[in-house]
Amino acid sequence: MKKAITVALTGNPNVGKTTLFNTLTGSRQHVGNWPGVTVEKKEGTCEHAGRTIEVTDLPGTYSLTAYSADEVVARNFIIEDRPDVVVQVVDASNLERNLYLTMQLAELGRPVIIALNMVDVAEGRGDTIDERRLAELLAMPVIRTVGTSGKGLEDLLDAVVAIAAKGEKHTHTIGYGDNAEALISDLVGILDDDPDLAPRYPLRWLAVRLIEGDADIRRVVSGSSVGDAVFARLADIDFDEYEATLADKRYEAIGAILPQACTICVRKMTGSDMIDRVVTNKYLGIPIFLALMWGAFQLTFAVAEPFMEGIEHIFGWLGEGVAASVGTEWLASLLGDGVIGGVGGVLVFVPNIFILFLILSILEGSGYLARGAFIMDRLMYAIGLPGKSFIPMLMGFGCNVPAIMSTRTIEDERDRLITILVNPFISCGARLPVYILFAGVFFGRDAGNVIFGLYVLGILVAILSAKLFRSTVLPGESSPFIMEMPPYRIPTLKNALLNMWEKGSTYLKKAGGIILIGSLIVWFLASFPAGVEYGSEESFAGMIGKTVEPLVAPLGLDWKIAVALIFGFVAKEIVVSSLGVLYGAEEGSAALSDALLADPALSTAGALAVMVFVLLYMPCVATLAIIRKETGSWRWATFSVIYGLVVAWVLAFVTFHLAGFFLGGA
Amino acid sequence: MASCPLSLIAPGTKAIVTMVNAGEGLRRRLYDLGLVPEANVTVVTADRGSIIVSVAGCRYALSRGMAMKILVAPEMVAV
């Protein structure tokens, strides 16, 4: 068996790279993270001509200048891991911009193959592309592919195997003009004196990056034995000017290549431009956007409803089955109250989450979501955040975990941090059962207005917190943004489903694991010391509740609510199930409602305080874990817990006393 | 032909970039996207906080602040 061929798949965002990757590797994929950064790493394998081909899907980038974490990851992989072949997926309808990356890839020394994708779009527009001529001019194979149907993939894999067998370096690069070239050859001469550099880096590329003032590469070179000589040569150079010249030369080279290989390749006003005029219009943009979002949420809940009921039935049936068949009392309690009660309460929301993801995937695939972020930009800017922060805020209404994961598209670290930290205040679906219970019991016909008010309060707290963080712990201007507006496309169902599954299954795994463990801890606390009644005042849970009772007493709450709130840390919907246990209510929330209403310790004002507290207090365990993961340290996760608790306590206190004043009962 | 910031020209106007007046990282980013001196740009929409421009066959949304830093010479001045 021959050694596997390693392939790096690269390309601009929105060129069909992921589709091609999915078609190539099918289900044989592995998703992880690149070490040290929160950029997703996708790997997969396929077989061709008796060889195993290992494909790594690099993040989509426009260039390799190390502007963002994505670009650093992509270029480091090609330089350090030395894949046998680099395949660049190119959008044929957009050759000019796509070939810019090709110019940079060519300098990295690895063999490059161009997968010419979306030729149908280009040719439908009247372009004709001569890929053989293009291959000659670029000195690299150019293969036509259609990612969605798999057309051309055999040819692409043939080319991969053939190129890998040759094992040659790619040497054909563009010239940068006499001045720059003289400088480059001087630098290459100096760099060549260090025996360590040449085996690790393509020297010409190092020299080019040095002239362009690349800070990362300056660090690499300053640590080498020739650092001083290099910087002496660079001493009186105007980096800005060279940088502009080099970028210019790349576009010049592309401008020289294109007319020889492509008949038109120059765009006129297209359908996409027309659609953009309408959907980003000053007056129509926001109404269209809101209508689409409202539709998305309506559809989410309407479609998810029967699935949710189905899951509830399954867990109800499982619970009864366990109670009937497991003889050992503690084991039945562990399985019924702990595992099924805890995990089941959370799995009920899975249909919602999957459907919301499916709809968002379709909107994303169509190219509209980028416009949504654009439309909301001015509003977000007023808060001190870039337009891109809007999508995570929107997703937060479903679940904060994927919402926080989706902040990865925000380049500026501070913008991203603020977006992450305010996200838990967006009222997720898990908090809704708590509102429904308390608002239903204490406000009757006004319940809807109370719940709507809570959502608004969450948004207000998020906005004010963003402003507060911006002016204190994370100062700075909201970074000016550049966002590509991908051309509108008909999204494919297969891709939307894969995208949905990728995000949704992460939620299942992460949230499921943590919630199971959390539920078991809660069950343990409620069941021991041995012999006490489950969830009673004498159990550990009761003791904890009694201990923290003084803290929540000013909010008009007693130990039972305190325990429920502590349990709610695992997942906020557990607040409801915990209260069910603690009030000793039988199955069904009608009984719990009566018990709550009858409890002299709980007033209407207190009920309002509970809802405000549940809305704002610390993120749930799953959200906390994702904050820890995405920010890379416990520092911000801890901050988020403390900040949330303080805000929740203060606002619940104010709510309790204001409501007490107006409604009586405080 | 006088230069003016990209943010000030009317939608539908074609222009040629004369200068990119930004810090190192941002300028490099703009260059990579094709917003280099001599490049042809078209403003697609410009009726809200940010603008959409078309350059090198692609469309990008730029915040107004960023568009201020790109100086262009309009091909014809729209009224």
Which one is nearest to B:L30 (Cα to Cα) among residues in segment A:228-262 that are out of contact with any Asp or Glu (no Cβ under 9 Å at 6 or more places or on another chain) and among the small types (G, A, S)?
A:A244
Of (1) in a helix (DSSP H, G or I); (2) at pLDDT below 85; (3) surrounded by fewer than 21 Cβ atoms within 10 Å (Cβ to Cβ), A:E411 satisfies every one except (1)
Could you go through segment A:353-369 and let me know if any residue there is outside any helix (DSSP H, G or I) and under 13 Å from the mean Cα position of the chain (by Cα).
no
I'd like to know if segment A:350-360 contains one or more residues that are at pLDDT below 80, among the aromatic types (F, W, Y) and either over 28 Å from A:F524 (Cα atoms) or touching a strand residue (DSSP E or B) at 6+ places or on another chain (Cβ under 9 Å) (or both).
yes
Could you check how many residues of segment A:47-83 are part of a helix (DSSP H, G or I), over 17 Å from A:N98 (Cα atoms) and more than 21 Å from the chain's Cα centre (by Cα)?
6
Which one is nearest to A:L183 (Cα to Cα), of the residues in segment A:200-229 that are among the small types (G, A, S) and within 14 Å of another protein chain (Cβ to nearest Cβ)?
A:G213
Check whether at least one residue in segment A:84-94 is touching a residue at least 24 places away in the same chain (Cβ under 8 Å), small (G, A, S) and more than 14 Å from chain B (Cβ to nearest Cβ), and report yes or no.
no
Inspect segment B:43-51 for any residue being among the hydrophobic types (A, V, I, L, M, F, W, C), at pLDDT below 85 and within 10 Å of the chain's Cα centre (by Cα) and give the result as yes or no.
yes
Candidate set from segment A:451-468 (those that are surrounded by fewer than 17 Cβ atoms within 10 Å (Cβ to Cβ) and closer than 14 Å to A:G429 by Cα); member that is farthest from the chain's Cα centre (by Cα)
A:F452
Inside segment B:19-40, can you point out the residues that are in contact (Cβ under 8 Å) with a residue 12 or more places away in the chain and within 14 Å of B:M68 (Cβ to Cβ)?
B:M19, B:V20, B:N21, B:A22, B:L26, B:L30, B:L35
Given (1) free of Cβ contacts under 8 Å to residues at least 60 places away in the same chain; (2) surrounded by fewer than 17 Cβ atoms within 10 Å (Cβ to Cβ), A:I490 misses just (1)
Checked A:G32, A:G44, A:G36 against criteria (modelled with pLDDT under 80 and assigned to a strand (DSSP E or B)); the one match is A:G32
Restricting attention to segment A:510-538, which residues are at pLDDT 70 or above and in a helix (DSSP H, G or I)?
A:L516, A:I517, A:S519, A:L520, A:I521, A:V522, A:W523, A:F524, A:L525, A:A526, A:S527
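Residues checked against (1) at pLDDT 80 or above; (2) touching a helix residue (DSSP H, G or I) at 6+ places or on another chain (Cβ under 9 Å); (3) in a helix (DSSP H, G or I):
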position	(1), (2), (3)
A:P287	yes, no, yes
A:L292	yes, yes, yes
A:Q298	no, no, yes
A:F301	no, yes, yes
A:P306	yes, yes, yes
A:I314	yes, yes, yes
A:V322	no, yes, yes
A:S333	no, yes, yes
Wholly within segment B:1-73, which strands (runs of 3 or more DSSP E) include no fewer than the required count, namely at least 3 residues that are more than 8 Å from chain A (Cβ to nearest Cβ)?
B:14-20, B:40-45, B:50-55
List pairs: first residue in segment A:109-121 and modelled with pLDDT of 90 or more, second residue among the hydroxyl-bearing types (S, T, Y) anywhere in the structure, Cβ distance under 8 angstrom, at least six positions apart or on different chains.
A:V112/A:T102; A:I114/A:T102; A:A115/A:T145; A:L116/A:T145
Scan segment A:108-123 and tell me whether some residue there is surrounded by fewer than 21 Cβ atoms within 10 Å (Cβ to Cβ), closer than 17 Å to A:K41 by Cβ and away from every other protein chain (no Cβ under 14 Å).
no
Would you confirm whether or not segment A:221-243 contains a residue that is modelled with pLDDT under 80 and buried (at least 19 other Cβ atoms within 10 Å of the Cβ)?
yes
Quick one: is A:A165 buried (at least 20 other Cβ atoms within 10 Å of the Cβ) and either without any contact (Cβ under 8 Å) to a residue 12 or more places away in the chain or on the phi < 0 side of the Ramachandran plot (or both)?
no
Suppose we keep only residues that are more than 10 Å from every other protein chain (Cβ to nearest Cβ) and part of a helix (DSSP H, G or I) within segment A:230-248. Which one would you say is farthest from A:L137 (Cα to Cα)?
A:A232
Show me the helices (runs of 4 or more DSSP H) found entirely inside segment A:96-213 where at least 2 residues are in contact with a helix residue (DSSP H, G or I) (Cβ under 6 Å, 6 or more places away or on another chain).
A:119-124, A:131-138, A:178-191, A:203-211
Any residue that is touching a Leu at 6+ places or on another chain (Cβ under 9 Å) and either small (G, A, S) or closer than 16 Å to A:L369 by Cβ (or both) - is there at least one of those in segment A:305-317?
no
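The values are calculated or read from the model by the stated rules, or taken from the named source; none is laboratory data. Nothing here was measured: the structure is a model prediction, and the numbers come from that model. Virtual Cβ from ideal backbone geometry, glycine too; neighbours counted across all protein chains shown.
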